[in-house]
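Structure in structure tokens, see below.
The values are calculated or read from the model by the stated rules, or taken from the named source; none is laboratory data. Keep in mind that what you see is a predicted model, and the values were worked out from it rather than measured. As a convention, Cβ positions derive from the backbone with ideal geometry for all residues, glycine included, and neighbour counts pool all protein chains shown. For accessibility, only protein heavy atoms count, side chains too; no ligands or nucleic acids. Shrake-Rupley method; radii C 1.70, N 1.55, O 1.52, S 1.80 Å.
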Amino acid sequence: MSTVSAPSRRWRVGRRSDVARRDVSLRRRVPVWVLTLVVTLVALAWVYPFAWMVSASLKDQLEVFSAGLDLIPKVAQWENYRRAWSDAGFGTYMVNTIIVTLGTVVIVVVRCAMAGYVLARYKFIGHKTMLLVLVGTLFVPAGYTIIPVVEITQRLGLLNSLTGMVIALSGGGQVASILLYLGYFRGIPRELEEAAIIDGAGFFTVFFRVMLPLAGPVTATVVVLTFLNTWNAFLLPLVFTFSRPDLRTLSVGMQAFLGQNSVDWSGMAAAATISIVPIVLLFLFLQRYFFDGIAGAIKS
Amino acid sequence: MTASTTGAPATGALAPRQGPRRIGTLARLWRDRWIYVFLLPTLVLYGLYTLWPVAASWWYSLLQWNGFGSPQTFVGLQNYADVFRDSLFWNSFKITFLFMLVTVPVRVLIGLVLAMVLNHPRLPFQRIFRTAFFLPVVTTTAIVGVVMQFVFDPASGPVNLALVDSGLRDQGIDFLGSSSTALWTVMGVHTWKWVGVTMIYWLAALQTVPRDLQEAAQVDGAGTFKVFRHITFPLLMPFLVIITLLTIEQNLQIFDLMLTMTGGGPYYSTEVIEVYIYRWAFTTSVPQLGFASAAAVIFGVMLLLVGLVQLAGVRAARRRAGVV
């Protein structure tokens, strides 16, 4: 019988003070509003660092230190953004990041969709080997391969260029994307392709006109996840731009900014806000695809 | 192991050789030429940037090699001997595993609690909460790391201001500047940053638990705890293994946050293996690429072992799921 009163406790495990836990036996169920209140407070604490960052980006350089925990700046200092954008070079970094991200997304979608399609639909010599190798290297981390990647990029003469960065980022890994396409194409009925072939469509046409358009939802997920990974990539862009500061991406630029202006907190906060806003906006508008992509790892 | 022996005779290993072999290998390759054209981009890119690097690391680890473009001398297993003798390597080895041992259970548990709360049928604003808890996941780790240096600043960072203002402390704690707290601080930030992923895993898992079943049990008089213990939990067990293993894999890769928050310091107290490799390969005055490669190979073997355990774990979970 004692367990019947216990249930209410479990919704608050680790989230409530001991005082609240002691009188739990007084109530049989936690009212929903209490739960809502607790979750709201935790959620606010969760996003607080970002609120602090945006707030600091609008304060003047002294106010950041003196105003303490006050989040609302006295007067919004947009000049911080100008400083970050032009003086600290975040305008250039933004352009570099956009070029690298878009280039990588396009290459990854095309190559993974094509590979996923043939692996799902056809048996050919090397089919099994290829699947085995792909799955076997699903988790090769960037930290492990970075030295040979730099070496080979240098041999190809692409080390200090955005092209080299795009090729390296779209070449490494991405096995998960191939598997996503593979799973999806496997589920599409064969009749569709056969109908197209009867109508005289070739291999190429069938894929680009029939199959790829059908795979819209997978493409959306792959685009979103690749965008996320590339926008946030750090090690590879860092190592690829040691001798070319003008080719830095946002994540690398931030590190450099800190090295040069460690006292300019508001400029730093503005630069961080500039770098993070695009990816956060993308997430807010396309949440479903983010969640689908992440949850896909569990369902497969 | 047993699965492969039962599978072999059924597929008929002899069939391709003696059975109807209508066309020769070359003709088959020619017939399938479009397939290979489609695979070409992946074969080239993947070969150059994933397969070749994995193989090359092994070769490089046998070389004395002081910088890209400089001569390479074969030194055999010397680098491995040096790595194993380096106490800082073992230090980073220890830190990497300590990090994993602490953050994985915490992440899995908090993720489950968050998911169960957000899955509560009567909780309002579920989607807004889910967005809030997932938000840190999408932000750039390297930038969050830099911002966190300021958030945990001993004098003017908001965390210390809150501690001092509320009277909990007389003066701020140098979270990242002291070797006794730096690692724990990064662990905390890492968990905050990534627990949203684990939460989504658990939410996906919870969706497979039929709500009717829970409600039926409740009608029969079982309390929330009993429902969890006897219905939800057993159904979630197979997922627990998979989610834990995915989280392990992710928590072994912490370079971005470590380098930007602490750079491996103070006094190497947060130098995980990835940062160790990076330091020897890119930031010492004379790069030790062979030595760094040897450390990378050891790291890779370590991950492979984790991967094998993972495979075994998933198999066990599948079997268990079949039984349940």
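Averaged over A:52-65, how many beta carbons belonging to a partner chain fall within 10 Å of each residue's beta carbon? Numbers along the way, then the final one.
Values: counts 6, 8, 0, 1, 4, 0, 0, 0, 0, 0, 0, 0, 2, 4.
Shielding by partners across A:52-65 averages 2.
Considering Cα pairs under 8 angstrom that are at least six residues apart, work out the relative contact order of the range B:56-148 and quote it in whole percent. Let's see the in-between values first.
Working: 31 pairs, mean separation 11.2, N = 93.
For the range B:56-148, the relative contact order is 12 percent.
Most mobile of B:G167, B:G300, B:G264 per a Gaussian network model of chain B (Cα springs, under 10 Å)?
Looking only at B:G167, B:G300, B:G264, the biggest GNM fluctuation is shown by B:G167.
Additional query: Within 10 Å of each Cβ of B:128-136, how many other protein chain Cβ atoms are there on average? Don't skip to the answer; put the middle values down first.
Working: counts 3, 6, 3, 7, 9, 5, 6, 9, 4.
Mean number of neighbouring Cβ atoms from other chains: 6.
When all C-alpha to C-alpha distances in the range A:174-300 are sorted into bins of 5 Å, what percent of pairs does each bin hold, rounded to whole numbers?
Result returned by the calculation: 2, 9, 14, 14, 13, 12, 11, 9, 6, 5, 3, 2, 1, 0.
Next up: For chain B, place one equal point scatterer on every Cα, skip the solvent, and apply the Debye formula. What is log10 of I(q)/I(0) at q = 0.10 Å⁻¹?
Relative scattering, expressed as log10 I(q)/I(0), comes to -0.86.
Return the whole-Å distance between the Cα centroid of the range B:242-313 and the Cα centroid of the range B:51-91.
That distance is 15 Å.
Which shape class applies to the protein assembly as shown: rounded if a/c is under 1.5, otherwise prolate when a/b exceeds b/c and oblate if not, where a ≥ b ≥ c are the square roots of the Cα gyration tensor eigenvalues? Don't skip to the answer; put the middle values down first.
On the way: a/c = 1.62, a/b = 1.15, b/c = 1.40.
It comes out oblate by the Cα gyration axes.
Rounded to the nearest 100 Å², what's the accessible area chains A and B bury against each other, both chains counted, probe 1.4 Å? Mind showing how you got there, number by number?
Values: alone 18320 and 20230 Å², together 29380 Å².
The A and B chains share an interface burying roughly 9200 Å².
Hey, with R₀ at 41 Å, roughly what FRET efficiency would A:F65 and B:S285 work out to, going by the Cβ-Cβ distance, to 0.05? Write down the numbers at each step before the final one.
Working: r = 36 Å, r/R0 = 0.88.
Plugging the Cβ-Cβ distance into 1/(1 + (r/R0)^6) gives 0.70.
Using all C-alpha to C-alpha distances in the range B:88-235, build P(r) with 10 Å bins and read off the rounded percent in each one.
For the range B:88-235, the pair-distance distribution reads 10, 28, 29, 19, 12, 2.
Okay, next question. Average partner chain C-beta neighbours within 10 Å, per residue of A:31-43? If you can, show how the numbers build up before the last one.
On the way: counts 1, 5, 1, 0, 5, 7, 0, 1, 12, 5, 0, 5, 9.
Per residue, the number of nearby Cβ atoms from other chains is 4 on average.
Only helices at least 30 Å long along their axis, Cα-based, and averaging 1.0 or more on Kyte-Doolittle count here, so list those DSSP H runs from chain B. The partial results should precede the final answer.
Working: long enough: B:87-118 (45 Å, 1.87); B:182-206 (35 Å, 1.08); B:289-323 (50 Å, 1.43).
Membrane-span-like by this criterion, though nothing is claimed about a membrane: B:87-118, B:182-206, B:289-323.
Taking the Cα centroid of the range A:116-193 and of the range A:199-222, what is the distance between the two, rounded to the nearest whole Å?
Centre-to-centre (Cα) distance: 19 Å.
Summing -39500 (n - 2.57) over the DSSP H runs of n ≥ 4 in chain B and dividing by its residue number, what mean residue ellipticity at 222 nm do you reach, to the nearest 500 deg cm²/dmol? Mind dumping the intermediate values first?
On the way: 17 runs with 221 residues, N = 324.
Taking each H run of at least 4 residues, the total per residue is -21500 deg cm²/dmol.
OK, next. Could you give the DSSP H helices of chain A that reach 30 angstrom or more along their long axis (alpha carbon positions) and whose average Kyte-Doolittle hydropathy is no lower than 1.0?
Taking the DSSP H segments of chain A (at least 30 Å long, mean hydropathy at least 1.0), we get A:32-57, A:90-121.
Could you identify which residue out of B:A281, B:A155, B:A216 has the top mean-square fluctuation in a GNM of chain B using Cα springs shorter than 10 Å?
B:A216
Further question: Residues in the range A:127-156, backbone N under 20 Å from the label point at B:L305 (7 Å along the Cα-to-beta-carbon vector): list them, ranges by number please.
It comes to A:137-145, nothing else.
In addition: Dividing the Cα radius of gyration by the Kirkwood radius, what Rg/Rh value follows for the range A:169-233?
Result for the range A:169-233 is an Rg/Rh of 1.08.
Using alpha-carbon positions, what is the distance between the centroids of the range B:156-224 and the range A:31-100, in Å?
Answer, in whole Å: 21.
Taking H placed 1.01 Å from N in the peptide plane, check which residues at least 5 places from B:L63 or on another chain put their amide H under 5 Å from its amide H.
Sorted by chain and number, the residues that satisfy this are B:V75.
Projecting each Cα onto the charge dipole of the range A:84-299 (Lys/Arg +1, Asp/Glu -1 at the beta carbon, about the Cα centre), which of A:L182, A:F290, A:T153 comes out farthest on the positive side?
A:L182
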